[in-house]
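Comments concern the structure below.
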C-alpha cells in the first residue's frame, strides 16, 4: 500500500513539474515556404521595457527597428503583420494570437537587453522549437557582421511568444541599453537601420538562399504604416 501511494505521489509531482509544457504547440516547419513575417516590437504603452539613460526606452527603440524591418521585408515581396505599429500595450496573449493567426508564416520579436553590469554588451537570439533554430542562427550570424559587435550566442528559451508559436519564432536582443556604447547606438537612426537591414537579410536568405537580398538604397526613416498589414480588427489595439 505504501509503495502504491509513493508511486501515485511521484506521478503527481511529475505532472506538476511538466504542467506548463502541456500548453506547448507543435510547430509547423515553414522555414523554407513562409510568405508572411509577423514583426513584433517588444513592450509598448505602459510597458517601457528597459529604460536607461544611454539607450532611452526600449519600447521606442524596438518599434523603430520593427517598422524598418517590416518596410524592408515588404520591399522583398513578403507580407508583413505588425503586432503593434504605435506606442500601445499589447499583452503576450494577444501577441501569440496574432502570430498564430497568420498561416505559412514566421515570427520575429525585436527587443533590446538590459543589465546591472554596464560593461556587458552584445547580441543574443532566442528560439524554442527545433524548427526555429536555423532562423535564429542565421539572424545571429548576420548581426555579427555589424562592426564592433559582440556575440552572446543563440539560446533555447521558454518565452511565451516562442513556446506557444505554431510556426518558426525567434526573439532578437539587439544589444544592451545599459551599456554606454550600445545604448548610444540604439538612439542612432542609422544604427537602427543597420539592425533592421541585417535581420531582413537573414530572413530573406532563410527563405530564398544566400545572395538574394538587396538592401534598400534609401533609408527607411519613417516607414509608411498605412501600407503595413496589421493584426485582425478583433486583436487590434492601435
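The values are calculated or read from the model by the stated rules, or taken from the named source; none is laboratory data. Note that the structure is predicted; figures quoted are calculated from it, not measured. Ideal geometry is used to build each Cβ from the backbone, glycine not excepted, and the neighbour counts take in all protein chains shown.
The table that follows gives values for the structure above.
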{"item": "Test result for residue 132, part of a strand (DSSP E or B), within 26 Å of residue 214 (Cβ to Cβ) and in contact with a strand residue (DSSP E or B) (Cβ under 6 Å, 6 or more places away or on another chain)", "result": "no"}
{"item": "Matching residues, the range 50-84, being part of a loop (DSSP other than H, G, I, E, B) and crowded, with 24+ Cβ neighbours inside 10 Å", "result": "55, 83, 84"}
{"item": "Only one of 226, 190, 222, 201 that is at pLDDT below 95 and within 27 Å of residue 55 (Cβ to Cβ)", "result": "222"}
{"item": "Selection from the range 87-117 of residues that are in a loop (DSSP other than H, G, I, E, B) and in contact with a strand residue (DSSP E or B) (Cβ under 8 Å, 6 or more places away or on another chain)", "result": "87, 88, 89, 90, 102, 103, 104, 114, 115"}
{"item": "Residues (more than 16 Å from the chain's Cα centre (by Cα) and not in a helix (DSSP H, G or I)) located in the range 169-198", "result": "177, 178, 179, 187, 188"}
